[in-house]
Amino acid sequence: MTNFFSNGNNDESSGENLFAVHKQEEQKPKDNSLNGQYNELKDNYEQIFIEAAESIRRELDTLKPKDACEGCTHKDCKIEKKDIFAPYPPTGCKLRDWQMQAITYLTGDYQTKLKAAYKAIMDKKSDYECNKCGACCKLAVSEYSYNQLKQRAMKGDKFSEAFVSVFVPYETEEEAKAANPEYFELLNILVQEDKIYYYHCPKVDSNNLCTIYEDRPSVCRDFPHNPLKLLPSACSYNEWKNEVSHQAMLLKAKTDIIKFYKEKLG
Ligand code: SF4
Ligand code: SF4
C-alpha cells in the first residue's frame with residue numbers, strides 16, 4: 001500500500017536514550033493539511049537522519065577496542081583512518097572484529113530496542129480516537145491495481161487480502177478526486193512516475209458513516225498503520241502523528257542506517 005515511508009524505550013545497555021537526538025522543539029501549532037504534513041516530513045527528515053547517523057556512530061565508537069593495532073602481525077597494513085568503514089584485513093585484525101561486533105549489535109539488541117520503541121509509538125495511538133469523518137473510507141490508495149492486489153492476496157500477502165476485502169476501485173479518477181480533492185491532488189504531485197490506484201469502501205453511507213462500524217474489519221480498526229503516513233486533514237489521528245512523528249522519523253532513519261551498515265560491513 002502507498003505509505004509515505006513504507007516500510008520500534010530506553011537504550012539501557014549504552015546509557016543513551018534511543019530518542020536522545022530528539023531536540024526540544026519550539027512548540028508551534030501543527031499544520032495538518034496534507035501539504036503541511038508533507039513539508040514537515042520533508043523538511044525534518046534529512047537533519048534527523050544526520051543526527052541518527054551520528055548517534056549510531058557514537059555508540060559503535062564505544063565498542064571500538066583500545067590500542068587495537070598493538071602487537072598486530074599485519075606489517076603491510078596502510079590504513080590511516082581507522083574508522084568503522086575502513087577496509088580492515090578479514091582475519092587477525094581486532095578492528096575487523098569490531099566491525100563484526102558492530103553488525104551483531106545493530107542487528108540484534110539495538111534493533112530489538114528500535115522495534116520496542118516502534119511498538120510504543122503504535123500503542124500510543126490508543127490514546128486517540130477516530131472521529132468517524134469517513135475520509136479514509138472514501139479514498140484509499142495503492143500502487144497496485146485491483147487485480148494485482150487480488151493476486152498478492154492469493155499468494156499470501158495479508159495486507160492485500162484485508163484491503164481487497166474492504167475496498168473496491170473507483171471507476172474513474174474524477175470520482176476519486178471528488179471524494180478528497182486535496183489528497184488526490186497532492187498525490188498526483190508527489191507520485192508522478194508511478195501509477196496510483198484509487199479505492200473506496202462501499203460500506204460508508206452518504207453521511208460519511210460506516211454502516212458496520214462496530215464490526216468493521218481490523219484493517220479499518222488499525223488505521224493509520226504507519227505514523228509517517230500522510231493522513232486526511234480531518235483525521236483525528238493527526239494529533240497522534242504530530243506527537244510521535246519526530247520519534248518515528250528517528251526510528252525510520254536508524255532502521256535505514258542499520259541496512260546501510262549491513263551492506264557495507266556484512
Ligand atoms: S468498513 Fe467501515 S470503517 Fe472500514 S473502510 Fe468501510 S466504511 Fe470505513
Ligand atoms: S480519516 Fe481518521 S478520523 Fe476519519 S474515519 Fe478515518 S481513521 Fe477515523
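So what's the net charge close to Pro65: Lys and Arg +1, Asp and Glu -1, counting the other residues with Cβ under 12 Å from its Cβ?
For residues surrounding Pro65, the net value is +1.
Over what distance in Å are the Cα centres of region 210-241 and region 128-197 separated?
If you average the Cα positions of each part, the centres end up 13 Å apart.
Per-residue counts of other Cβ atoms within 10 Å, averaged by peptide: what ranking do you get for 217-230, 34-47, highest first?
Values: 217-230: 17.4, 34-47: 15.4.
The densest-packed peptide leads the list: 217-230, 34-47.
Set the Förster distance to 30 Å, then compute FRET efficiency between Tyr146 and Lys42 from the Cβ-Cβ distance, nearest 0.05.
On the way: r = 30 Å, r/R0 = 1.01.
For Tyr146 and Lys42, the calculated efficiency is 0.50.
Please state the charge dipole magnitude for region 135-222, taken about the Cα centre, from unit charges on C-beta atoms (+1 on K and R, -1 on D and E), reported in debye and rounded to the nearest 20.
So the magnitude is around 360 debye.
Straight-line reach only, C-alpha to C-alpha below 16 angstrom: list the lysines that Lys124 could link to, leaving out same-chain residues fewer than 8 apart.
Reachable lysines: Lys115, Lys229, Lys241.
Taking the Cβ-Cβ separation of Ala178 and Glu54 as r and a Förster radius of 45 Å, what is the calculated FRET efficiency to the nearest 0.05?
Here the calculated transfer efficiency is 0.45.
If all Cα-Cα distances of region 135-222 are sorted into 5 Å bins from 0 onward, what percent lands in each bin, rounded to whole numbers?
The distribution over region 135-222 is 3, 14, 24, 23, 20, 13, 3, 0, given as percents.
Between Asp83 and Asn207, what is the label-point separation in nm under the 7 Å Cα-to-beta-carbon projection?
6.2
Can you tell me the dipole magnitude for the chain around its Cα centre, using point charges on the Cβ only (Lys, Arg +1; Asp, Glu -1), in Debye to the nearest 20?
Details: 37 positive and 42 negative charges, 175 e Å.
Using only the charged Cβ atoms, the result is roughly 840 debye.
In bins 10 Å wide, starting from 0, what share of all Cα pairs of region 27-146 does each bin hold, as a percent?
So the P(r) values, bin by bin, are 9, 23, 25, 18, 13, 8, 2, 0.
Based on other C-beta atoms within 10 Å, arrange Lys158, Lys124, Lys94 from fewest to most. Before the final figure, lay out the partial values.
Values: Lys158 11, Lys124 14, Lys94 17.
Fewest-to-most Cβ neighbours within 10 Å comes out as Lys158, Lys124, Lys94.
State whether region 192-231 is rounded, prolate or oblate according to the following rule on the C-alpha gyration tensor (a ≥ b ≥ c being the square roots of its eigenvalues): a/c under 1.5 gives rounded; otherwise a/b larger than b/c gives prolate, and the remaining case gives oblate.
oblate
For Ser165 and Leu190, what does the FRET efficiency come to when R0 = 30 Å and r is the distance between their Cβ atoms, rounded to the nearest 0.05?
The value I calculate is 0.65.
What number in nm² do you get for the chain if you take the convex hull of its Cα atoms and divide its surface by four?
If you wrap the Cα atoms of the chain in a convex hull and average its projections, you get 18.0 nm².
Rule-based calculations on the coordinates, nothing more; no lab input. Quantities reported herein were computed from a predicted structural model and do not represent experimental measurements. Here the Cβ is made from the backbone with ideal geometry for all residues, glycine too, and neighbour counts use every protein chain on show.
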